[in-house]
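Peer 1: Next up is a structure, given as structure tokens.
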Amino acid sequence: IISIAALLFITGCKKKTDDSAPSSQTTVKGQAKVESNLTSDGKENVPDGTKITFLINPNDLLNKPDTSKKYDSYRYTAIVSAGQYTISLPVRNDGTKVKIVADDFEAQFVPYAGSSYRVVFSAPEDSITVYAGTTKFYDINY
């Protein structure tokens, strides 16, 4: 009985290593603009409701990543409103790579007064590195 009690005590007191995702957060925010009207100065806001997806490889968040396994990226989505977006993402203190993919949208393109036609606008994919406890500004231009 004493041996069993000692065994349970020893195995019950081991410190568990934390391989889970970190609890640190960062904020990414910015503007989403498009040049859709050449008759006015400056760029216009992208339509409200346009989605911006942030992809993070789960192994990039783990303390002890298992690189032999292929995981789907964690997906986080920000919605554009009035040409602005803000999102909070989980990150590591030493930096986490984030891939940014903005949805396409269609709108009228105005090359000159009295003329317009339908265009599908796309933004290039990009990657940034973000760090815990910071605010990263990243503008998206279509």
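Taken together, the values in this text are just the output of simple stated rules run on the coordinates, not laboratory data. What you see is a predicted model, and the numbers here were worked out from it, not measured in a lab. Heads up, the Cβs are rebuilt from the backbone with ideal geometry, glycines too, and the neighbour counts pull from every protein chain shown.
Peer 1: Tell me which residues, restricted to the range 83-142, are closer than 20 Å to Asp72 by Cα, part of a strand (DSSP E or B) and among the acidic types (Asp, Glu).
Peer 2: Of everything in the range 83-142, just one residue is closer than 20 Å to Asp72 by Cα, part of a strand (DSSP E or B) and among the acidic types (Asp, Glu), namely Asp126.
Peer 1: While we're on this one: Which residues, counting only those in the range 20-65, are among the basic types (Lys, Arg) and either under 17 Å from Ala123 (Cα atoms) or in a strand (DSSP E or B) (or both)?
Peer 2: Once the filter is applied, which keeps residues that are among the basic types (Lys, Arg) and either under 17 Å from Ala123 (Cα atoms) or in a strand (DSSP E or B) (or both), the range 20-65 yields Lys29, Lys33, Lys43, Lys51.
Peer 1: In addition: Name the residues in the range 94-124 that are surrounded by 11 or more Cβ atoms within 10 Å (Cβ to Cβ) and under 24 Å from Pro58 (Cβ atoms), would you?
Peer 2: Of everything in the range 94-124, those that are surrounded by 11 or more Cβ atoms within 10 Å (Cβ to Cβ) and under 24 Å from Pro58 (Cβ atoms) turn out to be Gly95, Thr96, Lys97, Val98, Lys99, Ile100, Val101, Ala102, Asp103.
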